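The values are calculated or read from the model by the stated rules, or taken from the named source; none is laboratory data. Treat the numbers as computed from the prediction; the structure is a model and nothing was measured. Quick reminder, even Gly has a Cβ in these numbers, built from the backbone with ideal geometry, and neighbours come from all protein chains shown. The protein model used for the area step is the full one, side chains on, heavy atoms only, and it has no ligands, DNA or RNA in it. Shrake-Rupley method; radii C 1.70, N 1.55, O 1.52, S 1.80 Å.
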Amino acid sequence: MKKVFSRPKSLKNNPFHYCPGCGHSILHRIIGEVIDEMGLQEIAIGVPPAGCAVLAYNYFDIDMGEAPHGRGAAVATGLKRALPNRLVFTYQGDGDIAAIGTAETIHAANRGENITAIFVNNAVYGMTGGQMAPTTLPGQKTTTSPGGRTEVAHGHPMNLSEMLALASGSVYIVRTAVSSTSNILKTKKAVAKAFQVQLSGMGFSLVEVLSPCGTNWKMIPTEACHWIEESMVKCYPLGVIKDITGGRKSAD
Amino acid sequence: MRGNHVIGEAAIRAGCHFYAGYPITPQNELTEYMAARLSEVKDGVFIQAESELAAINMVMGASMAGTRAMTSSSGPGISLKQESISFLSAMELPAVIVNISRGGPGLGNIAPSQSDYFQATRGGGHGDYRNIVLAPNSVQELADLTMRAFDLADKYRTPVLILGDGMLGQMMEPVEFLDPKKPGKPVSKEWTLTGANGRPSRIIRSLLLDPTVEEEHNWKLVRKYERIIHKETLVEDFLLGDSTMAVIAFGTAARITKGAILRAREQNIKVGMIRPITLWPFPSKAIQEISKIIKHFLVFELNTGQMIDDVRLSLEGRGEVHFYGRPGGIIPTPLEVSRVIASQYYQKRLG
Ligand SMILES: Cc1ncc(C[n+]2csc(CCOP(=O)(O)OP(=O)(O)O)c2C)c(N)n1
């Protein structure tokens, strides 16, 4: 019998611990496939965050070094500057990259560090139990915005990717989702392109992935995917935010 | 050469290829020196980071890659680095961290002070760990101990702190750079992240969710710390032979003390000095040995009394301990300290 589907070589043979319907497992698989298809397993170094994906090193069969919460971009900068011909990527949640690690991320992008950030936006702090994140939507109930997020009390949802697009050193910034088959395939293409940008030495690349967190959103997986496509995308529109790989183009 | 420049030159000669830092007085000359010198070194990397937090985490990344890496700062910036120093200890990553300390707490001032002794020797960050802390007292020692710091960091896979102060950083003295020690056994770097090329993939992590695994890791670190205590403790004795009283001081305070002791001896006061060169591991054994002969100790620090705790713990009651401190960036003269010595000496009728 012909085998038509199997585990990517760059994923270990460990079952994911993630909740049913969680976007992390899908995204791990996509990244694994891209690493395989681009032949990067031997040169890839991943930097997992503090967050639900802290255990990513149990799944990826590549070198991985943990960063303190939010400091992924700085750790990746050190790795990449020391080893310029490796592929170095961070894997960070919205709390990690858009709250505690904002400064490191903006400066890495602005310096044009030749690294890739995979930014998993699930609009909550997953690992610590569903608290409000910088990316939480207006009206969204979390354990620390029990009456729903209001702009007055909690501030506005943060569009980090758009902010990063303003940085002169960022080259490719795109927002995708893992809410449907077609979005998953687009996410895979985006990851591949971001890695290619890095391999060509062009500068900072980032893929923001809208990702379901049924457990903390208190939704079954299909509802969670719907919520991404109905509500999240209004605040975080999908598509290319910046792409100057073909020469200078404005960040529209 | 100026102290801060000497640290930089010694680091380069010890094979440091990576420096990340953030401006803060009184250590700026070190950052500036690294900016200039690393640009001349093949594959040298200098990054002026956006904060001390970013700087130490860049050093963490470079260290994961197997590169000799250093950062430097002064008190307020060292406070910001503490979380990552804890991570470096947990993940057993070598790194050299220089604190050219100043008056504190808060912004304090930029004058020489030894107010960061507790922060340096007690970890400063969270969790059950120790750092090697080296306390030079001359420009020559800045050179020697900086080179040693890189060797120790690699040998034990642990962060090493150099605790200086604004005086040491700014002062100019002649210096001779030793040839970096002929490499004995090359330090194994079989743990570095370089890409899983022709070998299984590697993980560097500090998260150990299973308490039995974390406990074993804690004991493993303790066994390493015991080896360091046993092998790497450094202390200088000064004129202890005939003494009935010993001053205990480190760094700049020890230097002032030497002058004070020479003055006191002109008046036939039989006093010597014990100078811890490693603040961790602290030379407790040496102090215990000396306490068999000398019973009177004067601890002199440029703070309100921090190392004195370690002296008391070392003595376990076998000796009388007094304290003289000048915090806030005040540098007393040898004359002032010799008067303190003399008054103690005569009060206790030691002569
Ligand atoms: C300095 C520090 N503060 C807080 C924490 C606790 N903490 C762990 S993960 C996390 C946030 C996780 O949220 P996010 O980054 O959105 O990732 P997710 O878990 O949702 O994937 C926090 C606050 C920590 N580890 N370190």
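Structural remarks
- Test: residue in the range A:60-83 that is polar (S, T, N, Q) and within 16 Å of the ligand (Cβ to nearest atom): no
- Residues in the range A:92-106 include at least one that is crowded, with 24+ Cβ neighbours inside 10 Å and at the interface with chain B (Cβ under 9 Å from one of its Cβ atoms).
This table checks each residue for (1) within 15 Å of the ligand (Cβ to nearest atom); (2) among the polar types (S, T, N, Q).
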{"site": "A:PHE119", "(1), (2)": "yes, no"}
{"site": "A:ALA123", "(1), (2)": "yes, no"}
{"site": "A:MET127", "(1), (2)": "yes, no"}
{"site": "A:THR143", "(1), (2)": "yes, yes"}
{"site": "A:GLY147", "(1), (2)": "no, no"}
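- Just one of (1) open to solvent by 10 Å² or more (accessible area, probe 1.4 Å); (2) within 11 Å of chain A (Cβ to nearest Cβ) fails for B:GLU92. It is (2).
- Flag if B:THR71 is at pLDDT 95 or above, closer than 18 Å to B:THR146 by Cα and open to solvent by 10 Å² or more (accessible area, probe 1.4 Å): no
- Filter pass, A:GLU42 being closer than 19 Å to B:ALA62 by Cα and surrounded by 18 or more Cβ atoms within 10 Å (Cβ to Cβ): yes
- Residue pairs whose Cβ atoms lie under 8 Å apart, separated by 6 or more positions or on different chains, with the first residue in the range A:3-25 and assigned to a strand (DSSP E or B) and the second of a type in the set (Gly, Ala, Ser), are A:LEU11/A:GLY32.
- Failed condition for A:MET202, given (1) in contact (Cβ under 8 Å) with a residue 60 or more places away in the chain; (2) over 21 Å from A:THR105 (Cα atoms); (3) part of a loop (DSSP other than H, G, I, E, B); (4) of a type outside the set (S, T, N, Q): (2)
- Within the range A:56-68, the set of residues being open to solvent by less than 10 Å² (accessible area, probe 1.4 Å), closer than 23 Å to A:SER25 by Cβ and at the interface with chain B (Cβ under 8 Å from one of its Cβ atoms) comprises A:TYR57, A:PHE60, A:ILE62, A:ASP63, A:MET64, A:GLY65, A:GLU66, A:ALA67.
- Members of the range B:1-35 that are assigned to a loop (DSSP other than H, G, I, E, B) and of a type in the set (Phe, Trp, Tyr): B:TYR22
- Test: residue in the range A:162-184 that is within 16 Å of the ligand (Cβ to nearest atom), farther than 14 Å from A:ILE228 by Cα and either more than 14 Å from chain B (Cβ to nearest Cβ) or touching a helix residue (DSSP H, G or I) at 6+ places or on another chain (Cβ under 7 Å) (or both): no
- Residue in the range A:28-36 that is buried (at least 21 other Cβ atoms within 10 Å of the Cβ), facing another protein chain (nearest Cβ under 9 Å), outside any loop (DSSP other than H, G, I, E, B) and free of Cβ contacts under 8 Å to residues at least 40 places away in the same chain present: no
- Among the residues of the range B:74-86, the one identified as touching a Phe, Trp or Tyr at 6+ places or on another chain (Cβ under 7 Å) and over 19 Å from A:PRO49 (Cβ atoms) is B:GLY77.
- Filtered residues of the range A:90-107 (kept if touching a residue at least 40 places away in the same chain (Cβ under 8 Å), more than 11 Å from the ligand (Cβ to nearest atom) and closer than 17 Å to A:MET158 by Cβ): A:THR102, A:THR105, A:ILE106
- So A:GLY23, is it among the small types (Gly, Ala, Ser), more than 7 Å from chain B (Cβ to nearest Cβ) and more than 13 Å from the ligand (Cβ to nearest atom): no
- Elements of type helices (runs of 4 or more DSSP H) in the range B:172-291, at least 1 residues being within 30 Å of A:GLY51 (Cα to Cα): B:211-232
- Criterion (under 29 Å from A:GLY203 (Cα atoms) and open to solvent by 50 Å² or more (accessible area, probe 1.4 Å)) met by exactly one of A:ARG71, A:ARG81: A:ARG81
Table: residues versus (1) part of a helix (DSSP H, G or I); (2) small (Gly, Ala, Ser).
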site	(1), (2)
A:GLY148	no, yes
A:MET158	no, no
A:LEU164	yes, no
A:TYR172	no, no
A:SER179	no, yes
A:SER182	yes, yes
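Here is a yes/no grid of residues against (1) touching a residue at least 40 places away in the same chain (Cβ under 8 Å); (2) more than 15 Å from B:LEU161 (Cα to Cα):
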| position | (1), (2) |
| --- | --- |
| B:ARG2 | yes, yes |
| B:ALA11 | yes, no |
| B:GLU32 | no, yes |
| B:GLU40 | no, yes |
| B:ASP43 | no, yes |
| B:MET60 | no, no |
| B:ALA95 | yes, no |
| B:PRO105 | no, yes |
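- Residues of the range A:45-55 satisfying the condition of being over 14 Å from the mean Cα position of the chain (by Cα), surrounded by 24 or more Cβ atoms within 10 Å (Cβ to Cβ) and more than 7 Å from chain B (Cβ to nearest Cβ): none
- From the list A:LEU199, A:LEU238, the lone residue that is within 14 Å of chain B (Cβ to nearest Cβ) and more than 16 Å from the ligand (Cβ to nearest atom) is A:LEU199.
Yes or no, residue by residue, for (1) under 15 Å from B:TYR225 (Cβ atoms); (2) modelled with pLDDT of 95 or more; (3) of a type in the set (A, V, I, L, M):
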{"site": "B:SER89", "(1), (2), (3)": "yes, yes, no"}
{"site": "B:GLY104", "(1), (2), (3)": "no, no, no"}
{"site": "B:SER113", "(1), (2), (3)": "no, yes, no"}
{"site": "B:ASP116", "(1), (2), (3)": "no, yes, no"}
{"site": "B:THR121", "(1), (2), (3)": "yes, yes, no"}
{"site": "B:GLY127", "(1), (2), (3)": "yes, yes, no"}
{"site": "B:LEU134", "(1), (2), (3)": "no, yes, yes"}
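- Reported count of residues in the range B:4-33, each being within 14 Å of chain A (Cβ to nearest Cβ), over 24 Å from A:GLY72 (Cα atoms) and crowded, with 24+ Cβ neighbours inside 10 Å, is 0.
- Close Cβ contacts (under 7 Å, 6 or more residues apart or on different chains) running from residues in the range A:210-225 that are farther than 27 Å from A:ILE173 by Cα and touching a residue at least 60 places away in the same chain (Cβ under 8 Å) to residues that are open to solvent by 20 Å² or more (accessible area, probe 1.4 Å) and within 12 Å of the ligand (Cβ to nearest atom) comprise A:THR215/A:CYS19.
- When the range B:95-128 is filtered for residues that are aromatic (Phe, Trp, Tyr) and open to solvent by less than 10 Å² (accessible area, probe 1.4 Å), only B:TYR117 remains.
- Test: A:LYS234 is open to solvent by 10 Å² or more (accessible area, probe 1.4 Å), in contact with an Asp or Glu (Cβ under 9 Å, 6 or more places away or on another chain) and not hydrophobic (A, V, I, L, M, F, W, C): no
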